[in-house]
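These notes concern the structure reproduced below.
Each value in this text was obtained by applying a stated rule to the coordinates, not by laboratory testing. Note that the structure is a prediction, hence the values are computed from the model and not measured. Every residue, glycine as well, gets a Cβ built from its backbone with ideal geometry; the counts of neighbours run over all protein chains shown.
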Amino acid sequence: MAYDPNNIFARILRGEIPCKKIAEDEHTLAFHDINPMAPVHALVIPKGAYISFDDFSDNASEAEIAALIRMVGKVARDLGCAEAGYRILSNIGQNGHQEVPHLHIHVFGGASLGRMINKVTA
Ligand code: AMP
């Protein structure tokens, strides 16, 4: 599957669509989710054209990978989630119900989030 340069996060990165920015560095952008599922719901994305975590973990540079991980931690700390705890999540592909085909890490916090996910059977 080829990267779709017209996906919504690519358009945010190009400045064609606004976002509620939290932080940015050379390799990453963090912003608030438009439809928050928790009191804190941020998204952290690489600036590079990576479809998913699978694509990113296989093809991104060490610097891009380090920047994304650092930014996830920074965003959680800056939004006041580190002490009480939070959850990070990335949906990948069809089974993961990924809607936007540009890698994004969800950061949820600000309240107790319940256990991981509902139990699923094949
Ligand atoms: P996923 O199912 O992991 O692909 O989730 C995509 C996420 O992107 C959802 O939580 C959406 O609410 C969020 N989203 C979609 N469009 C925007 C946007 N323009 N700005 C911020 N978040 C968005």
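Where q = 0.13, 0.22 Å⁻¹, what log10 of I(q)/I(0) comes from the Debye formula for segment 2-103, counting one point per Cα? Treating every Cα as an identical point scatterer, log10 I(q)/I(0) equals -0.45, -1.35.
Quick one: net charge around V100, please, counting Lys, Arg +1 and Asp, Glu -1 for every other residue with C-beta under 11 Å from its C-beta.
-2
With helices as the sole contributors, the chain gives -7000 deg cm²/dmol at 222 nm; each DSSP H run of n ≥ 4 counts as -39500 (n - 2.57), and the sum is divided by every residue. Computed from point charges on the beta carbon alone (+1 for Lys and Arg, -1 for Asp and Glu), the dipole magnitude for segment 26-122 about its Cα centre is near 400 Debye. Checked against a 27 Å cut-off, the cross-linked pairs K20/K119; K21/K119; K20/K74 give Cα-Cα distances beyond that limit for K20/K119; K21/K119. Ranked by the mean number of other Cβ atoms within 10 Å of their residues, highest first, the peptides 32-45, 81-94 fall in the order 32-45, 81-94. For segment 59-73, the Karplus equation 6.51 cos²θ - 1.76 cosθ + 1.60, evaluated at θ = phi - 60°, returns couplings of 10, 6, 6, 4, 5, 5, 5, 4, 5, 5, 4, 4, 5, 4, x Hz by residue, with Gly and Pro reported as x.
Taking Lys and Arg as +1 and Asp and Glu as -1, the other residues whose beta-carbon sits under 14 Å from that of P39 total 0.
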